[in-house]
Amino acid sequence: MPMTIREKAAAAVHAQKAVLPSGLTVLCRTMPGYSTVHAMYATAFGSTTRDFLLDGRPVHLPAGTAHFLEHKMFESEQGDALELFARTGASANAYTSWDSTCYLFSATSRFDENLDILLQMVAHPWFTTGTIAKEQGIIGQEIKMYEDSPDWRLTTASFRCLYRSDPIREDIAGTVESIAQLTPELLYTCTDAFYQPGNMVLSVAGNISLERVLAACRRAGLDRPGHHPAVTLTPFREQGPVPQHSMHFTMPVTRPCFSLAYREPPLAFGDVRRAMILDVVTELVCGGLTDLYRRLYDGGLVNPEFSSDYASTRTACTVFFTGESSQPEQVADMLRAEIARLRREGVDPRLFTLVKNEMYGDLLAMLENVESAANHMQAAFLKGATVEEEIAALAALTPADVDGALQTMLLPEWEAFVRIDPSGQELTPE
Amino acid sequence: MQRNQLAPGIYMTVLDAEKFNRCRITVHLRYPARRQSATDAAVLALVLERGYAGCPDMTALSRRLAGLYGAEMGVDLSSAGSDRILSSDLCGIKPQFALNGEDLAAAYTEIVLGILFDPYLVDGLFDAQAVAIEKETLRRRFAAEFNDKRLYCVQQARRRFYGDSPMGIELNGYLPDLDGVTPHSVKAEYDRILSASVIDVIVQGVDAALVADRVQAALAGCRRSPAPLSAPGAVPAVPVQHFAEKVPGLTQAKLCMFFTRGTTEHLPSIHLLRIAMGLFGGSSTSRLFRNVREKQGLCYYCGASAARATGTMLVDSGVEPGNESAAEQAILRELEDLCARPALDEELEETRRGLLSSIDAVGDSLGGLESWYYGSILRQEPFITPEEGKALTSAVTAAQVQELLQSYHCNICYAVTAEKENAPCQ
């Protein structure tokens, strides 16, 4: 794409940024004419953060701690923050991923009040043994719900195959046993370490100005430097070969489900170019524009839901191809053959340009939606990037870049194949 | 804004899209559902999405859309009481943002209208290979329903609830009918839909005159006799029936309850219905969420929703196996309580604030606006703006909510539950 286009795109996705003396980063995309404001307050603390030093003291967290904490942050001695949001008419929620936890609201009025609730809620954690015990039951139900999801089971099984000890092996919500180990002290340790402004980002989009968001931060005392404990994440890098190249198990499903996954080197913080390559490559292997997808679909080998994606954390990066098929091994073989062909022959430049155009359109479309805009800004920030940098990286990408990357990615030695068969069906011997 | 008639049974509505960088064209064909050709209609929707006469190849069409700056096109089949709606929509960047001066409006219009009105035919019938491929896609979709137990439970309950009523005609059709689907039967269903449907074209951010011209040209030679929209219908109230389906290896049980008002008299306003559902089980401040999930810990999720035209209310929840009966009783207790006495002012206002906020947000997306106005068309009501909708929502009283909830009766309670421990991983 020529420079003028990049400039147009950068203007279209522009967001304002401020870093407060407390260390908090504030991102704001003002969208005049919109009614909604969507705010996301996120910390770089997710399910894979399990070991760290807090002021030199080693801390080890049970699996599921970040997610448990997310549930508990809505409670305070004064009551439930969800009820406070309800009183303003805002819709609030939260989620935990492998490498972040995010608290959010959408509102069309009383923005200042809602920002105050959000910032206060996260700044003043309150945990007791009694409220923790109550939450263990609710999260136990959530864990069970995910255990019934074939898609989720494929993802976690793929991680277990590909990694011997990376924390991504454990479910985001942990297990009933692991969350039973949680205590108020341990949860406070986590908020001390990771819910400090310097580890967080406040991302807001909609009909609101940066000044108004900064005023809310001032009211919450986030404009002042504070004393924060020193946190050092324990260095970790998965070593050695893939521990298990395949896994089969059964579930109550009607057709086999599969995942072909590849372990890749973790993305360096801020490596936007490689993130874009991962997106482009998966589209070029089997996206809707490819001949392979057409053969798979018309051959009845995959459903329209067949998809590819990648998951990236500080210590792990995994590319997935997942779907349902009566012939999972055949689909996997076709994917392997296509990857090998692309590695050997290079990508089709015409298709490459179409994929790039499509991704460019997707990025612009995403930023037209208030929720997507706030979400994309905070997600990019926690990966060390901005949306403008993503668009620039996409624009600069060439077929040669992808051809080069393919020489060292999606390699058979870093592959794992997971298959779920319907319960009652004989397992295929290895 | 106004819904203008272009020809008998063909309407166009133009919505403001000034603040958006993208534009959208949506075409809805609303027609009476028919049991014997429901499977043909389901295959038809899949075949239409593959391409049209001007671009018959599915991959070529995907690439064409990618070339139009990643424009998104979809074909959808949905329900409205005893009617079904076959829709095609296309959303892409506005023509003025075309980097090389391409005529995007013409391209978008050609594609979205071509999909519905200029299908790719071979000797007057749908392409046999495409029909065969999409029959298999549909066959896999039937099989896949069981994989999502939450959805599966709702579908099973729905089947028991509607029985043979036209309202219960399956959107995806019927597996036993699939083998009988042919290029000829799909074409016959297409012709029926094209002839009988009320067509609504909704234009946002594209030259409406251009689209109107193309719609009239596309349908100029078409003999049409649009059917009247189906009247609201309701399932009669009967004593509650319980069903339990055991699924070995399931970890969390699912419980789905279907309620009916049993009558089409005095249809509630959509504003009243939304408040009632929000209060009972449609939000995180609802009775079901607060009491059944948070206080009693009986469900991980527990929500309520309703369909106005059919007088139906649905509650679905995920529960600990063995707790289905306790959850059912707890859900009914919450409903009984809201029927016995008006909701507290505070909770009513919280629900109302949430709804007012969601109405405010309608104007923040092309899709939100399109749904708002097409919703009015489906209900055969005059257009009201979101601002007017807020005024009507603000006028709903606790007594009206109480009276509405009193009119629901539980007909079906369906549980999908566990039988034994999960199979271990190998």
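The values are calculated or read from the model by the stated rules, or taken from the named source; none is laboratory data. Everything numeric in this text was worked out from a predicted model, so none of it was measured. Cβ: placed from backbone, ideal geometry, glycine included. Neighbour counts: every protein chain shown. For the accessible areas, the whole protein counts, side chains as well, though only heavy atoms, and no ligand, DNA or RNA atoms are used. Shrake-Rupley method; radii C 1.70, N 1.55, O 1.52, S 1.80 Å.
Scanning segment A:212-233 turns up no residue that is modelled with pLDDT of 95 or more and polar (S, T, N, Q). Only one of the numbered conditions (1) surrounded by fewer than 20 Cβ atoms within 10 Å (Cβ to Cβ); (2) in a helix (DSSP H, G or I); (3) in contact with a helix residue (DSSP H, G or I) (Cβ under 8 Å, 6 or more places away or on another chain) is not met by residue B:333, and that is (3). Filtered by the rule that a residue be more than 8 Å from every other protein chain (Cβ to nearest Cβ) and either in contact with a Gly (Cβ under 6 Å, 6 or more places away or on another chain) or buried (at least 22 other Cβ atoms within 10 Å of the Cβ) (or both), segment A:82-95 gives A:85, A:94. Candidates A:115, A:104, A:119, A:187: the one that is in contact (Cβ under 8 Å) with a residue 60 or more places away in the chain, open to solvent by 10 Å² or more (accessible area, probe 1.4 Å) and not assigned by TED's automatic domain parsing to the domain that holds residue A:316 is A:104. Residue by residue through segment B:395-419, note down the ones that are surrounded by fewer than 20 Cβ atoms within 10 Å (Cβ to Cβ), in contact with a Lys or Arg (Cβ under 7 Å, 6 or more places away or on another chain) and more than 30 Å from residue B:250 (Cα to Cα). Residue satisfying the conditions is B:407 alone.
Residues in segment A:327-380 that are β-branched (Val, Ile, Thr) and under 28 Å from residue A:94 (Cα atoms): how many? Total meeting the criteria: 1. Answer yes if at least one residue in segment B:108-120 is over 25 Å from the mean Cα position of the chain (by Cα), more than 14 Å from chain A (Cβ to nearest Cβ) and surrounded by 17 or more Cβ atoms within 10 Å (Cβ to Cβ), and no otherwise. Within segment B:108-120, one or more residues are over 25 Å from the mean Cα position of the chain (by Cα), more than 14 Å from chain A (Cβ to nearest Cβ) and surrounded by 17 or more Cβ atoms within 10 Å (Cβ to Cβ). When residue B:103 is tested against (1) open to solvent by 10 Å² or more (accessible area, probe 1.4 Å); (2) touching a residue at least 40 places away in the same chain (Cβ under 8 Å), just one condition goes unmet, and that condition is (2).
Reported count of residues in segment B:289-322, each being within 14 Å of chain A (Cβ to nearest Cβ), among the aliphatic types (A, V, I, L, M) and open to solvent by less than 10 Å² (accessible area, probe 1.4 Å), is 2. Per the conditions (1) over 23 Å from the mean Cα position of the chain (by Cα); (2) open to solvent by 10 Å² or more (accessible area, probe 1.4 Å), the sole criterion not satisfied by residue A:132 is (2).
Residues in segment B:1-32 that are open to solvent by less than 20 Å² (accessible area, probe 1.4 Å) and not in a strand (DSSP E or B): B:9, B:17, B:20.
Listed by position, the helices (runs of 4 or more DSSP H) contained in segment A:138-233 that have at least 3 residues being more than 15 Å from residue A:48 (Cβ to Cβ) and among the basic types (Lys, Arg) are A:210-219. Restricting segment A:321-332 to residues that are outside any helix (DSSP H, G or I) and surrounded by fewer than 21 Cβ atoms within 10 Å (Cβ to Cβ), the residue that is nearest to the other protein chains (Cβ to nearest Cβ) is A:326.
Checked against the criterion of being outside the structural domain of residue B:245 (by TED's automatic domain parsing), at pLDDT 95 or above and acidic (Asp, Glu), segment B:146-168 contains not a single residue that satisfies it.
What about residue A:391, is it modelled with pLDDT of 95 or more, open to solvent by less than 10 Å² (accessible area, probe 1.4 Å) and assigned to a helix (DSSP H, G or I)? For residue A:391, the condition - modelled with pLDDT of 95 or more, open to solvent by less than 10 Å² (accessible area, probe 1.4 Å) and assigned to a helix (DSSP H, G or I) - is not met. State whether the residues of segment A:41-59 include one that is among the hydroxyl-bearing types (Ser, Thr, Tyr), in a strand (DSSP E or B), crowded, with 18+ Cβ neighbours inside 10 Å and at pLDDT below 95. The answer is no, given that none of the residues of segment A:41-59 is among the hydroxyl-bearing types (Ser, Thr, Tyr), in a strand (DSSP E or B), crowded, with 18+ Cβ neighbours inside 10 Å and at pLDDT below 95. Taking the criterion of being among the aliphatic types (A, V, I, L, M), touching a residue at least 60 places away in the same chain (Cβ under 8 Å) and more than 7 Å from chain B (Cβ to nearest Cβ), the residues of segment A:360-372 that qualify are A:363, A:367. A single member of B:207, B:213, B:179 is surrounded by fewer than 17 Cβ atoms within 10 Å (Cβ to Cβ), farther than 21 Å from residue B:32 by Cα and at pLDDT below 95, and it is B:207. Based on what the data block shows, is residue B:283 within 13 Å of chain A (Cβ to nearest Cβ) and in a strand (DSSP E or B)? No, not satisfied. Of all the numbered requirements in (1) surrounded by 21 or more Cβ atoms within 10 Å (Cβ to Cβ); (2) assigned to a helix (DSSP H, G or I), residue B:377 misses one, and that requirement is (1). Among the residues making up segment A:238-270, those that are away from chain B (no Cβ under 11 Å) and either surrounded by fewer than 17 Cβ atoms within 10 Å (Cβ to Cβ) or under 19 Å from residue B:147 (Cα atoms) (or both) are A:239, A:240, A:241, A:243, A:245, A:258, A:259, A:265, A:268, A:269, A:270.
Residue A:402: among the aliphatic types (A, V, I, L, M), not assigned by TED's automatic domain parsing to the domain that holds residue A:206 and not in a loop (DSSP other than H, G, I, E, B), yes or no? For residue A:402, the condition - among the aliphatic types (A, V, I, L, M), not assigned by TED's automatic domain parsing to the domain that holds residue A:206 and not in a loop (DSSP other than H, G, I, E, B) - is met. Residues considered: A:335, A:342. Of these, the only one that is in contact with a strand residue (DSSP E or B) (Cβ under 8 Å, 6 or more places away or on another chain), open to solvent by less than 40 Å² (accessible area, probe 1.4 Å), modelled with pLDDT of 95 or more and not aromatic (Phe, Trp, Tyr) is A:335. Within 14 Å of chain A (Cβ to nearest Cβ), among the polar types (S, T, N, Q) and surrounded by fewer than 20 Cβ atoms within 10 Å (Cβ to Cβ) - does that describe any residue in segment B:155-164? Yes, there is a match, as at least one residue in segment B:155-164 is within 14 Å of chain A (Cβ to nearest Cβ), among the polar types (S, T, N, Q) and surrounded by fewer than 20 Cβ atoms within 10 Å (Cβ to Cβ). The lone criterion from (1) surrounded by fewer than 22 Cβ atoms within 10 Å (Cβ to Cβ); (2) more than 21 Å from residue A:76 (Cα to Cα); (3) charged (D, E, K, R) left unmet by residue A:148 is number (1). All of (1) out of contact with any Asp or Glu (no Cβ under 7 Å at 6 or more places or on another chain); (2) small (Gly, Ala, Ser); (3) not in a helix (DSSP H, G or I) hold for residue B:114 with one exception: (3). Kindly provide the set of residues from segment A:288-314 that are open to solvent by 30 Å² or more (accessible area, probe 1.4 Å), more than 11 Å from every other protein chain (Cβ to nearest Cβ), of a type outside the set (Ser, Thr, Tyr) and farther than 15 Å from residue A:258 by Cα, ordered by number. Once the filter is applied, which keeps residues that are open to solvent by 30 Å² or more (accessible area, probe 1.4 Å), more than 11 Å from every other protein chain (Cβ to nearest Cβ), of a type outside the set (Ser, Thr, Tyr) and farther than 15 Å from residue A:258 by Cα, segment A:288-314 yields only A:314. Considering segment A:238-251, the residues that are at pLDDT 90 or above and in a loop (DSSP other than H, G, I, E, B) include one that is farthest from residue A:152 (Cα to Cα), namely A:240.
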